[in-house]
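Everything below concerns the one structure shown next.
Values in this text are rule-based calculations from the coordinates and carry no lab data. Note that this is a predicted model, so its numbers are computed, not measured. Cβ placement follows ideal geometry from the backbone for every residue including glycine, while neighbour counts extend to all protein chains displayed.
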Amino acid sequence: MDHAATGQEALSRIAGADDLDTLESLRVEFLGKQGSISGLLKTLGKLDPEARKVEGPRIHALRESVSEALAARKDALETAALDARLASETIDLSLPAPEAPRGSVHPISQVMDELAEIFADMGFAVATGPEIEDDWHNFTALNMPESHPARAMHDTFYFPDRNEGGREMLLRTHTSPVQIRTMLSQGAPLRVIAPGRVYRSDSDATHTPMFHQIEGLVIDKGIHLGHLKWTLETFLKAYFERDDIVLRLRPSYFPFTEPSIEVDVGYSNEGGRRVVGGSGDAPGHAWMEVLGSGMVNRHVIAAGGLDPDEWQGFAFGTGVDRLAMLKYGMDDLRAFFDGDVRWLSHYGFSALDVPTLSGGVGTPV
Ligand code: 2NL
C-alpha cells in the first residue's frame, strides 16, 4: 500500500483548508471512527506478523504526521482569525464618543437641593421624619384639637389600625410633625428646615394627593417678627436670584402660629408667564401668596418640650412644587408625577450641576 501517496494528499488538503469547519471535516475524514487512516489501523490486525512489523510503524507515522498537520493548521487558522478581528475592530479615536444615555434630576429634587443650599448658608440644618405619622405629632402637638376640621376623613388619609400607644395613624398632612420631633429630640436653640412629601385627600388640576412641602423653624431666645421678615426676604431673593423681590406681609391665621402672617411677592406677567419681582402695586404687577408663617404658638413650643416663657421662635411653610413651577415655568402640576421622560428631559437638571450660592442655585439644562 502506498502510504506515502495517501499522506501527501492528506497533508496537502489540510494545508489547503482555509476555515476551521473544513479542517474539522478533514479530521473526521482521516482520523474519525470511520476515517481512512483509522481504517488502515484496523487492517493491521489481519496481517501476518512479518507484514505487520513493516506496516505498523508506517501507518502510525502517517497518523502522527496527519494529526500534527491538523493541529498546526488549526493553530494557524485561529491566529489568522484573531488577527483579522483585531485589524477590523480598531477604535477610531478621532470619532466622537458614542453618546451615553443620561438621566436628569427631577425639578422637585433640584428645588429641594436649592432650598437646602440657601438655608444652609443661614445656619439651618435639614431635618427629616416619618411620612406615616400619629395624630398627636401631626395635629394635637400643633394646636389642632380633636374637633379641628383638617382632621376630617375627607381631608386626611387614615390607616385602619391604631399604633401601640392607641394613637390614630395617618399619612402626614404637613412636615410640621418633623419639627415637633426635632424640638423633642434636640431641644433649643434650633434652626431647621423640614422638606418632604405630604398627603391630603385632594385631587384636581392644581392639587395632587401627594405633594411636597418645606417648612422652617427657628427657636431661640428673643426671636421676633423682624427675624422672620429678614429670613424670608433673604430666602426669596436667593431662590428667585433677583434683588428686586418685594414682600407684602398680611395678617392671617394658622393654629400653630400666633400671630400668623401670609407672605405675598410682587410679580408681573411676561408673555403669559408669571415673573416674580417688583412691587405688586407697580403698574402691570400684582401680588401672589408664596408662604405661610408666624411666631410659633406657645402651646406648640410647650408640646415640643420647651418652656414658652424662655424660648420663642418663628416658623414658615410653603409648597415646593409651586415654588418649582414659579421659577422654571411649568404650568401643570400633574405632569410632575406622571413620570414621562420627555417632560423630564425638558424640565430636568444635570446631576453634575449641584446648586451653590456662588455658582447659581438653579441652572436648567
Ligand atoms: C403653608 C403654611 C406654615 C408653619 C407652617 C409650623 C411648624 C411648627 C410650629 C409652627 Cl413645628 N409652625 N409651621 C407655620 C406657619 C405656616 O405653612 O401655607 N404651608 C404650605
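Per residue of the range 299-304, in order, report the coupling 6.51 cos²θ - 1.76 cosθ + 1.60 (Karplus, θ = phi - 60°) as ³J(HN,Hα) in whole Hz, putting x for Gly and Pro.
5, 6, 4, 5, 4, x
Across all directions of projection, what mean area in square nanometres is found for the Cα convex hull of the range 1-153?
25.6 nm²
Quick one: what are the phi-derived ³J(HN,Hα) couplings along the range 200-216, Karplus 6.51/-1.76/1.60 with θ = phi - 60°, whole Hz, x for glycine and proline?
9, 6, 7, 7, 7, 4, 10, 10, 10, x, 10, 8, 10, 10, 10, 10, x
From the phi of every residue in the range 227-242, what ³J(HN,Hα) in whole Hz does the Karplus formula 6.51 cos²θ - 1.76 cosθ + 1.60 yield, where θ is phi - 60° and glycine or proline is x?
Once rounded to whole Hz, the list reads 5, 4, 5, 5, 4, 5, 5, 5, 4, 5, 5, 5, 5, 7, 6, 9.
Could you put Arg63, Arg334, Arg274 in order, starting from the residue whose Cβ has the fewest other Cβ atoms within 10 Å?
Arg334, Arg274, Arg63
Can you tally the lysine pairs in the chain where the Cα-Cα distance is under 26 Å and the two residues are eight or more apart, or on different chains?
Lysine pairs meeting the criterion: 9.
Output needed for the chain: three equivalent-ellipsoid semi-axes, defined as square roots of 5 times the C-alpha gyration tensor eigenvalues, in descending order, whole Å.
The equivalent ellipsoid of the chain has semi-axes of 84, 27, 18 Å.
Sort Val265, Val276 so that the residue with the fewest other Cβ atoms within 10 Å of its own Cβ comes first and the one with the most comes last.
Sorted ascending by nearby Cβ count, the order is Val276, Val265.
What does the extension gain come out to for Arg167 and Lys221, with contour length at 0.36 nm per residue minus their alpha carbon separation?
16.2 nm
Using the number of other C-beta atoms within 10 angstrom as an exposure proxy, rank Val341, Val126 with the fewest first.
Lowest to highest Cβ neighbour count: Val341, Val126.
Loop only by DSSP, 11 or fewer other Cβ within 10 Å of the Cβ. Give me the GluC sites (Glu not before Pro) in the range 128-229 that pass, ordered by residue number.
Filter output for the range 128-229: Glu146, Glu164.
DSSP loop (so not H, G, I, E, B), at most 14 other Cβ within 10 Å: list which trypsin sites (Lys or Arg not before Pro) in the range 211-245 pass both filters.
Loop-located and lightly packed - Lys221, Arg242.
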